[in-house]
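Let me begin by presenting the structure, written as structure tokens, before commenting on it.
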2 protein chains.
Amino acid sequence: MGPGTLYGVGVGPGDTELLTLKAARLLSEVRIIAYPAPNGGESLARRIVAPVIPETARELPISIPMVQNREAARQAYDRAVEQMSSHLSLGEHVLFLCEGDPFFYGSFMFIHERLSPRFPCVVVPGVTSLTACAAAIGRPLAARNDVLRIIPATLPEERIRAELEQADAAAIIKVGRHFDKVRALLEELGLAQSSAVVEHATQGDQRIFGIDDVPDGERPYFSTILVYGGGEPWR
Amino acid sequence: MGPGTLYGVGVGPGDTELLTLKAARLLSEVRIIAYPAPNGGESLARRIVAPVIPETARELPISIPMVQNREAARQAYDRAVEQMSSHLSLGEHVLFLCEGDPFFYGSFMFIHERLSPRFPCVVVPGVTSLTACAAAIGRPLAARNDVLRIIPATLPEERIRAELEQADAAAIIKVGRHFDKVRALLEELGLAQSSAVVEHATQGDQRIFGIDDVPDGERPYFSTILVYGGGEPWR
């Protein structure tokens with residue numbers, strides 16, 4: 001008997017209906033379903049698929065520390081990989097749920113880099129929060145000859161400034177606790193009116209703000225800022 | 001009776017199974033289905049949904065000139081919009097099929113900018129060819145603190161060079177007849193070994209090449225080059 005296959009499956013940004021037909025089919029076929037549960041709390045990926053997960057599924061929640069503790073995170077991934085590889089070695093397939101898309105800034109890469117040298121892996125792309133945010137706002141983010149830059153808010157201020165200064169259009173991701181820093185930069189660069197904040201895109205609690213309408217302080221981890229080019233206001 | 005709603009629906013990069021559940025539901029509910037048919041030829045968007053399109057659908061193929069003739073394209077969109085608005089005015093919903101995602105470099109914007117001031121519009125995001133290409137290659141395109149740049153190959157050589165010189169990771173889209181120019185640039189910048197070409201991602205005729213393995217000359221319009229950062233080879 002050959003080994004099982006690891007499926008890294010994108011489940012989209014939040015709305016269950018944004019699952020692909022392929023993700024839905026695999027969820028009905030693969031019995032072992034693993035997913036990240038930040039700090040052991042509720043898993044967004046698990047919540048997205050809740051309406052379609054079979055009762056017979058065997059679930060493997062993987063507690064991932066979200067704090068800046070690289071060693072703790074490494075150990076968590078090592079443990080998760082051990083669990084999954086024991087199933088894969090027995091010829092059982094394992095489906096790993098990924099918020100958005102598995103290979104678009106996803107933590108699935110830490111699973112993939114450990115397991116893909118040893119087991120067959122199939123990656124199923126999903127809808128990213130990036131295009132979900134543009135759809136929610138109702139305005140195309142990039143078109144024609146625009147260069148679009150995707151900028152993690154976790155980068156140092158200087159780097160973000162340099163990227164924004166030359167961008168036709170930009171999406172700032174992983175905003176969370178970096179919101180105040182990013183807003184100050186957008187204001188400094190005269191981009192505040194061209195920027196929209198989308199929180200929890202396509203989820204029940206989705207909110208869309210102008211950059212000046214957001215209260216100070218930390219925002220949800222799943223916040224994205226779209227910076228429209230051309231100097232026009234985003235609304 | 002109120003006006004109908006225009007639905008701009010992303011149908012993903014090519015594999016019918018990468019339709020979202022929402023796209024599949026709307027296809028079964030909305031009777032009038034419009035789609036672009038480049039130069040009156042076969043429509044990729046139509047082909048993607050062929051297995052799930054109801055027999056009762058009323059189809060509205062829209063012939064869009066793909067040549068660099070702006071005036072002809074403008075007229076084609078004006079005619080398409082006239083057809084669609086006559087249905088919308090009668091309270092009939094219209095579903096417009098978009099390859100990939102409607103607001104990610106899609107031509108739906110030309111429909112949306114004409115119709116959204118007059119009729120309710122709903123945009124349903126889809127899987128982009130970008131993440132489908134990364135899944136096909138089996139390697140994450142961007143991770144952690146990478147800035148990802150999405151660069152249309154239609155841009156002048158100097159601009160593409162400048163973007164590539166400073167990129168952590170890049171995706172070059174709309175490669176088509178610009179392939180030779182882009183390859184020469186990637187070689188000049190020492191990025192050839194880090195670059196992979198994906199043609200017709202997730203379609204039956206999907207192909208993945210190293211940049212040096214591609215024959216000279218025009219490539220399919222649906223070609224994307226992923227440029228991996230860190231100076232490592234892509235394989």
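The values are calculated or read from the model by the stated rules, or taken from the named source; none is laboratory data. In this text the structure is predicted, and so the values were computed from the model without any measurement. Positions of Cβ are generated from backbone atoms using ideal geometry, with glycine treated the same way; all protein chains shown enter the neighbour counts.
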Given the criterion hydroxyl-bearing (Ser, Thr, Tyr) and either buried (at least 16 other Cβ atoms within 10 Å of the Cβ) or more than 14 Å from every other protein chain (Cβ to nearest Cβ) (or both), identify the matching residue among A:28, A:86. A:86
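Here's the yes/no breakdown for (1) aromatic (Phe, Trp, Tyr); (2) over 18 Å from the mean Cα position of the chain (by Cα); (3) not in a loop (DSSP other than H, G, I, E, B); (4) not assigned by TED's automatic domain parsing to the domain that holds residue B:135:
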position: B:167; (1), (2), (3), (4): no, yes, no, no
position: B:177; (1), (2), (3), (4): no, no, yes, no
position: B:187; (1), (2), (3), (4): no, yes, yes, no
position: B:190; (1), (2), (3), (4): no, yes, no, no
position: B:201; (1), (2), (3), (4): no, no, no, no
position: B:212; (1), (2), (3), (4): no, yes, yes, no
position: B:220; (1), (2), (3), (4): no, no, no, no
It is to be established whether one or more residues within the stretch B:136-146 are modelled with pLDDT of 95 or more, under 21 Å from the mean Cα position of the chain (by Cα) and within 25 Å of residue A:15 (Cα to Cα). yes
Criterion first (touching a strand residue (DSSP E or B) at 6+ places or on another chain (Cβ under 8 Å), farther than 18 Å from residue B:138 by Cβ and within 12 Å of another protein chain (Cβ to nearest Cβ)) does residue A:73 satisfy it? yes
With respect to residue B:140, is the statement that it is without any contact (Cβ under 8 Å) to a residue 40 or more places away in the chain and more than 7 Å from chain A (Cβ to nearest Cβ) true? no
Got at least one residue in the stretch B:120-132 being among the hydroxyl-bearing types (Ser, Thr, Tyr), more than 9 Å from every other protein chain (Cβ to nearest Cβ) and either more than 28 Å from residue B:162 (Cα to Cα) or in contact with a helix residue (DSSP H, G or I) (Cβ under 7 Å, 6 or more places away or on another chain) (or both)? no
Specify which of the listed residues (B:59, B:42) is over 21 Å from residue A:135 (Cβ atoms), of a type in the set (D, E, K, R) and part of a loop (DSSP other than H, G, I, E, B). B:42
Exactly one of (1) free of Cβ contacts under 8 Å to residues at least 24 places away in the same chain; (2) among the basic types (Lys, Arg); (3) surrounded by fewer than 22 Cβ atoms within 10 Å (Cβ to Cβ) is unmet by residue A:181. Its number? (1)
Of the numbered conditions (1) closer than 24 Å to residue B:126 by Cα; (2) in contact with a Leu (Cβ under 8 Å, 6 or more places away or on another chain), residue A:186 fails exactly one; give the number of that condition. (1)
Filtered residues of the stretch B:143-162 (kept if among the charged types (D, E, K, R) and surrounded by fewer than 20 Cβ atoms within 10 Å (Cβ to Cβ)): B:144, B:157, B:158, B:159, B:161
So for the stretch A:89-96 (the condition being of a type in the set (Ser, Thr, Tyr) and in contact with a strand residue (DSSP E or B) (Cβ under 9 Å, 6 or more places away or on another chain)), does at least one residue qualify? no
Within the stretch B:72-122, work out how many residues are at pLDDT 95 or above, in contact with a Lys or Arg (Cβ under 8 Å, 6 or more places away or on another chain) and outside any helix (DSSP H, G or I). 4
